[in-house]
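**Q** Okay, here's the structure, questions in a sec.
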There are 2 protein chains.
Amino acid sequence: MSDTHTDVPSVVSAPLPIPVPLEEHQACPVTDVLRRVGDRWSVLIMILLGKRSYRFNELHRSIEGISQRMLTRTLRGLEHDGLVSRTVHPTNPPTVEYDLTPLGRTLLEPLSALADWAVAHGADIATARERHAAP
Amino acid sequence: MSDTHTDVPSVVSAPLPIPVPLEEHQACPVTDVLRRVGDRWSVLIMILLGKRSYRFNELHRSIEGISQRMLTRTLRGLEHDGLVSRTVHPTNPPTVEYDLTPLGRTLLEPLSALADWAVAHGADIATARERHAAP
DNA sequence: CGGCATCCCGTGAGATACTG
DNA sequence: CAGTATCTCACGGGATGCCG
């Protein structure tokens, strides 16, 4: 199916107005999602939440190197976009539960395709980089 | 096939060492690709080059709002990772042709899946954002 | 426990000017 | 035409400390 002829599907093959308007590029939902997904922690957090729900400090302990600040900010960002839900249980002390929303769950699929690609071709990229670093 | 039960495939569902080691996260090819794809111009350029080859200033004119500097840097970055090829034709004045490499072409597929998701769910995200902005 | 406020720094990215 | 060189600034992101 994926042979020598690489068929490029759907929206990326859709005709673009040339020159690509600045306005359109910035407003594009694709650009939007790419920026979300391109930050340092969002995807990792989504992957963890894809397995089960987590509490705040539980996430904090589960991700080496993330600061509280960035964990908060990233979770807020994901929540803001409707990808993650935040549930406060009025216990004492309070417990806060984070989950993937159904929307967030659907994002994991195309994300997974990209991740698979990365794993499959990571060596190719590494090779290309070394070739470029050659004297 | 994709019904109520969202099945999460492949690497994103693979078991992770908890806590996720900082080292591992930074070295991960997925992280790598996400950052590449998460910058402002890479994907747009790849989409254009997916349709046909372009010359430098032709790209520059085709993308409203990009600076020469960023066009150069982004192209160099893509070339560095083996996603784009740069061919200099020794004419006078020199013409330089940019193309997607076969590797770059394969990346267009999972990228397309993500783009499709973004287009399909852009409204949901917008709604979630408005809900959060509500008084 | 689950945060927010503050300070600080590296880098992504634009503007402008110059070159083979 | 196809870039390189500077300067500059905004912003992502880390460290630290305080709070309900």
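**Q** Under a 5 Å amide H to amide H cut-off, with H placed in plane at 1.01 Å, what residues pair with B:GLU64 once short-range neighbours are removed?
**A** A:VAL20, A:LEU22
**Q** 7 Å along Cα→Cβ for the label point: how many nanometres lie between A:GLY122 and each equivalent label in the other copies, listed shortest first?
**A** Result for A:GLY122, in nm, nearest copy first: 3.2.
**Q** Can you tell which of A:PRO29, A:VAL96, A:LEU16 lies farthest toward the positive end of the dipole of chain A, using +1 and -1 charges on the Cβ of basic and acidic side chains (Lys, Arg; Asp, Glu)?
**A** A:VAL96
**Q** Within chain B, which complete DSSP H helices have Cα atoms spanning at least 24 Å along the helix axis and a mean Kyte-Doolittle hydropathy of -0.5 or higher?
**A** Helix filter hits for chain B: B:102-133.
**Q** List, shortest first and in nm to one decimal, how far the label point of B:ASP39 (7 Å from Cα along Cα→Cβ) is from its counterparts in the other copies.
**A** Shortest to longest, the spacings are 2.0 nm.
**Q** Shifting gears a bit: At 37 °C and 0.692 mPa s, what whole-number value in µm²/s does Stokes-Einstein give for the translational diffusion of the stretch A:54-134, with Rh from the Kirkwood sum over Cα pairs?
**A** Taking Rh from Cα pairs, D becomes 214 µm²/s.
**Q** Apply the Kirkwood formula to the stretch B:47-96: the hydrodynamic radius equals the inverse of the mean of 1/r over all pairs of different alpha-carbon atoms; give it in Å with one decimal.
**A** Evaluated over the stretch B:47-96, this radius sits at 11.6 Å.
**Q** If you don't mind, there's one more thing I want to ask. Closest approach to the B-A rotation axis by any Cβ of B: residue and distance in angstrom?
**A** Residue with the nearest Cβ, plus whole-Å distance, for chain B: B:GLY38, 1.
**Q** Against the empirical 2.2 N^0.38 Å scaling, what ratio does the C-alpha Rg of the protein assembly as shown come to?
**A** For the protein assembly as shown, the normalised Cα radius of gyration comes out at 1.08.
**Q** How large is the charge dipole for the protein assembly as shown, taken about the Cα centre, if only the Cβ atoms of Lys, Arg (+1) and Asp, Glu (-1) carry charge, to the nearest 20 debye?
**A** Approximately 820 debye in magnitude.
**Q** While we're here: Treating only the Cβ atoms of Lys and Arg (+1) and Asp and Glu (-1) as charged, compute the dipole magnitude of chain A about its Cα centre; round to the nearest 20 debye.
**A** Charge dipole of chain A: 660 debye, to the nearest 20.
**Q** Which whole-percent values make up P(r) of the stretch B:7-108 when all C-alpha to C-alpha distances are grouped in 5 Å steps starting at zero?
**A** That works out to 2, 11, 20, 20, 15, 11, 8, 7, 4, 2, 1, 0, in percent per bin.
**Q** Something else now. Put a label point 7 Å from Cα along the Cβ direction on A:ARG61, then list its distances to the equivalent points in the other copies in nm, shortest first.
**A** Label-point distances to the other copies, shortest first: 6.1 nm.
Values in this text are rule-based calculations from the coordinates and carry no lab data. Predicted, not measured: the structure shown is a model, and the values here were computed from it. Cβ coordinates were reconstructed from backbone atoms using ideal geometry, including for glycine residues, and neighbour counts include every protein chain displayed.
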